[in-house]
Amino acid sequence: MKSAYDILLERGFIAQATHEDEIKELLAKEKVTFYIGFDPTADSLTAGHFLTIMAMAHMQRAGHKPIALIGGGTVKIGDPSGKTDMRKMLTDEQIEANAERFKKQLGRLIDFSDDKAIMINNADWLLKLNYVDFLREIGVHFSVNRMLTADCYKSRMEKGLTFLEFNYMLLQSYDFLELYKRYGCTLQMGGNDQWSNILGGVELIRRKESQPSFGLTFNLLTTSEGKKMGKTEQGAVWLDPEKTTPYEFYQYWRNIEDAKVEECLGLLTFLPMDEVKRLGALQDAEINKAKEVLAFEITKIIHGDEEAKKAEEATKALFGGGGSNANVPHSDYNISDFENGKDLIELMQETGLIPSRSEGRRLIQQGGVRLNDVQEKDFGKSITLADFTDNELLIKKGKKVYHLIKLV
RNA sequence: GGAGGGGUUCCCGAGUGGCCAAAGGGGGCAGACUGUAAAUCUGUUGUCUACGACUUCGAAGGUUCGAAUCCUUCUCCCUCCA
């Protein structure tokens with residue numbers, strides 16, 4: 001049987017490891033307790049977190065025990081790694097609310113029943129630390145000189161780095177030590193941007209406990225241009241269906257660039273690797289089939305089978321190939337709303353297709369709006385019942401954004 | 001604490017009295033080409049009751065016929081010195 005390490009390697013997760021051979025051996029013969037941290041900076045996890053959660057799931061399936069560490073304490077500091085600016089400060093209430101939502105979302109992907117996994121918040125120990133004691137016990141083991149050479153601080157050396165943020169590494173390292181002592185956690189994993197922070201913890205455990213511990217990082221999802229993936233023009237791709245609907249979520253992955261299809265299939269689905277390779281090898285227009293599979297599988301993992309099917313159905317209806325309109329993004333209106341005509345731009349604004357009337361005008365003038373697939377060039381257009389077909393009016397914005405108006 | 005330099009539209013960054021709703025780039029949106037891809041080209045990118053009006057250049061006052069530009073106070077940031 002393949003070890004968890006082999007699986008992660010094969011699927012393309014592994015970026016760096018502190019002790020490759022030892023970790024490989026350890027994961028092959030022992031049940032390992034490992035942890036990944038999530039700072040509750042927003043009220044939902046994002047597609048970026050999804051990658052690490054998948055790694056966690058693979059590990060759990062291979063028999064290891066995950067600890068999902070909610071960073072209720074560390075979030076108050078803010079990780080400067082890879083950030084060009086300091087983060088906004090969050091209030092205690094926000095942090096708590098965010099942490100609650102993280103818990104729910106993680107619970108969907110990781111099995112926390114029967115002590116198969118642990119979820120814990122580092123606020124439990126970080127918030128009661130005594131400053132002087134902490135400096136004497138932990139701070140003494142860190143060299144400022146070495147910290148400053150860390151890659152993750154480089155960009156901040158020009159823009160400025162506060163002492164607050166500079167301490168982030170110490171706190172994360174302390175977390176690892178704490179989890180090591182509490183649960184015998186010997187492995188920390190995370191995105192590759194966490195490398196320095198993870199190393200800090202490994203070294204701290206070696207110095208304080210004279211014991212080995214390990215770190216492993218994952219490749220981050222980036223576009224072929226090297227930008228972070230999981231972001232759209234509207235912001236991040238969220239795992240919360242209220243922030244990013246399953247349909248939008250599906251569409252995001254359906255529109256992934258060709259070069260990333262195989263990588264994403266490996267990282268973000270549970271499909272067997274030979275299937276991943278087969279799909280990834282498809283060429284030209286054929287690769288769209290692979291993208292359909294990718295979008296469906298990922299949506300299924302996050303939102304469940306039913307929502308994935310709905311998203312797929314809606315996509316078929318909109319982009320050709322039949323299917324019913326039932327699951328297309330839509331708004332319900334009364335017949336009376338259109339009896340005297342309703343301004344098209346106003347309607348588009350109400351459905352969220354456009355943020356302002358000016359935007360609507362531009363869009364229409366540039367030929368970016370279609371009503372039931374007929375281009376509309378008149379920005380003063382008033383929609384009446386005559387514009388509906390079978391009580392439905394499909395508004396298309398650009399090539400990919402649809403909204404259905406239903407009369408009820 | 002002292003000296004100096006700054007805060008401009010989503011971001012970076014020009015602009016030192018009217019020609020400024022503000023150059024240029026990035027990003028976004030739309031059009032063309034396509035495969036719901038990438039790349040490329042074109043247009044566009046404050047708001048509105050739209051050939052005009054209104055609100056924007058850290059904040060509040062002031063000078064002026066007229067201010068992003070000048071003055072005053074405040075505030076935040078950066079650099080050098082201590």
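Some points to look at:
- The tail of the calculated P(r) for chain A beyond 33 Å holds 42 percent of all Cα-Cα pairs.
- In a DSSP loop and with at most 14 other Cβ atoms within 10 Å, the trypsin sites (Lys or Arg not before Pro) in region A:360-393 are A:K377.
- Selection from A:V276, A:P355, A:C185 lying farthest towards where the dipole of chain A points positive, charges on Cβ: A:C185
- Computed from the alpha carbon positions, the gyration tensor of region A:132-212 leads to an equivalent ellipsoid with semi-axes of 22, 15, 10 Å, biggest first.
- Relative to the globular-protein estimate of 2.2 N^0.38 Å, the Cα radius of gyration of region A:42-171 stands at 1.18.
- Our compactness index for region A:306-408, the C-alpha radius of gyration over the empirical 2.2 N^0.38 Å, is 1.05.
- Amide hydrogen neighbours beyond the local backbone of A:K342, cut-off 5 Å, H modeled: A:I383, A:T384
- The Cα center of region A:43-80 and the Cα center of region A:296-318 differ in position by 24 Å.
- A Cβ-based charge dipole, computed about the Cα centre of chain A with Lys and Arg at +1 and Asp and Glu at -1, lands at about 740 debye.
- Protection proxy ranking of A:189-201, A:26-38, A:206-218 - average other beta-carbon atoms within 10 Å, highest first: A:189-201, A:26-38, A:206-218
- Per-residue [θ]222 nm for chain A (sum of -39500 (n - 2.57) over DSSP H runs n ≥ 4, rounded to 500): -13500 deg cm²/dmol
- Ordering A:T384, A:Y333, A:Y247 by Cα displacement along the dipole of chain A toward the positive end leaves A:Y247 in first place; charges were set at the Cβ atoms of Lys, Arg (+1) and Asp, Glu (-1).
- Within a straight-line Cα-Cα reach of under 16 Å, A:K208 can be paired with the following aspartates and glutamates, leaving aside sequence neighbours fewer than 8 residues apart in one chain: A:D133, A:E137, A:D175, A:E178.
- Out-of-range pairs (alpha-carbon distance over 18 Å; input A:K291/A:K406; A:K316/A:K396; A:K24/A:K103): A:K291/A:K406; A:K24/A:K103
Throughout, read-outs are computed from the coordinates displayed, never taken from laboratory work. Model, not experiment: these values are computed from the prediction. Cβ atoms come from the backbone with ideal geometry, glycine included; neighbour counts cover every protein chain shown.
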